[in-house]
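The values are calculated or read from the model by the stated rules, or taken from the named source; none is laboratory data. Remember, it's a predicted structure, so these values are computed and weren't measured experimentally. With ideal geometry, Cβ positions are generated from the backbone for all residues, glycine too; neighbour counts draw on all protein chains shown.
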Amino acid sequence: MAGGGMLKSLTPKVRLQATEIQSLAFWGAAAGAGAIYLVQPFNWIRKTFFEKEAGEGK
């Protein structure tokens, strides 16, 4: 692995821990979902994913 040596040279305080990576992923997903919710154009998400079209049920 090319970057493995660089990570090993860092002190344990500076290295990213597994819980920090999980936290970053969670907050990134939460921020992305919040951004999509805030900028959704005129209920586009609801119309696209949750309402059936007239000809789709037949």
Check on residue 21, out of contact with any Gly (no Cβ under 9 Å at 6 or more places or on another chain) and either basic (Lys, Arg) or modelled with pLDDT under 75 (or both): no
Tally the residues that are part of a loop (DSSP other than H, G, I, E, B) and either among the aliphatic types (A, V, I, L, M) or in contact (Cβ under 8 Å) with a residue 24 or more places away in the chain (or both), restricting the search to segment 10-30. 3
Hey, among the residues in segment 31-58 that are among the small types (Gly, Ala, Ser) and assigned to a helix (DSSP H, G or I), which one's modelled with the highest pLDDT? 31
